[in-house]
1. For residue 36, state whether it is more than 12 Å from the ligand (Cβ to nearest atom) and part of a helix (DSSP H, G or I).
2. Of the numbered conditions (1) modelled with pLDDT under 90; (2) aliphatic (A, V, I, L, M); (3) surrounded by 15 or more Cβ atoms within 10 Å (Cβ to Cβ), residue 36 fails exactly one; give the number of that condition.
3. Restricting to the range 73-131, count the residues that are at pLDDT below 90 and part of a loop (DSSP other than H, G, I, E, B).
4. Listed residues 4, 53; which is in contact with a helix residue (DSSP H, G or I) (Cβ under 8 Å, 6 or more places away or on another chain), among the charged types (D, E, K, R) and at pLDDT below 90?
5. Looking at the range 72-117, which of the residues that are touching a residue at least 60 places away in the same chain (Cβ under 8 Å) and not hydrophobic (A, V, I, L, M, F, W, C) is surrounded by the most Cβ atoms within 10 Å (Cβ to Cβ)?
6. Just give me the residues in the range 22-33 being away from the ligand (no atom under 12 Å from the Cβ) and assigned to a loop (DSSP other than H, G, I, E, B), in sequence order.
7. Would you say residue 53 is open to solvent by 30 Å² or more (accessible area, probe 1.4 Å) and within 16 Å of the ligand (Cβ to nearest atom)?
Amino acid sequence: MSHDHSSHTEAPNPFATGFAGRCPRCGEGHLFAGFLKTSSRCESCGLDLAFADSGDGPAIFIMFIVGFVVVSLALIVNVLFNPPMWVHLLLWIPVTIGLSLALLRPFKGIMIALQYRNDAREGQQTDDDHAAE
Ligand SMILES: [Zn+2]
């Protein structure tokens with residue numbers, strides 16, 4: 001698939017491609033080769049995905065979001081039903097694990113897409129040709 005540099009300005013929305021786990025440049029190829037393992041390159045446009053390193057970024061967002069949601073729900077359930085503690089444990093431990101796992105991949109995808117969009121990477125020699133193939 002050929003592409004020119006002008007297509008850089010009409011790049012796909014990083015939130016949409018990241019959430020869907022698609023390539024941040026073409027929006028077609030798969031970003032992930034496993035659950036959280038990124039592909040080495042996009043099978044559609046050939047983008048080298050070696051730059052993709054979201055580090056601890058997704059985990060921090062998910063800790064805040066899931067923590068807020070689960071604690072809020074636990075408080076509401078406690079006020080409304082005042083269940084014994086084992087009910088809380090039975091409810092919120094699976095919800096916490098499930099929500100965290102469900103959010104990890106889309107969040108990692110979004111962070112990698114934003115990393116690509118904003119050209120955020122470790123310091124390296126300048127490479128004006130983004131489409132190095
Ligand atoms: Zn691609």
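1. Working: more than 12 Å from the ligand (Cβ to nearest atom): yes; part of a helix (DSSP H, G or I): no.
In short, no.
2. Going through (1) modelled with pLDDT under 90; (2) aliphatic (A, V, I, L, M); (3) surrounded by 15 or more Cβ atoms within 10 Å (Cβ to Cβ) one by one, residue 36 breaks only (3).
3. Here the count works out to 14.
4. 53
5. 109
6. 33
7. When the stated conditions are applied, residue 53 does not pass them.
The values are calculated or read from the model by the stated rules, or taken from the named source; none is laboratory data. The structure presented is a predicted model; accordingly, all values stated were derived computationally and were not measured. Note: ideal-geometry Cβ built from the backbone for every residue, glycine included; neighbour counts use all protein chains shown. In case anyone asks, the SASA skips ligands and DNA or RNA and just uses the protein heavy atoms, side chains included. Shrake-Rupley method; radii C 1.70, N 1.55, O 1.52, S 1.80 Å.
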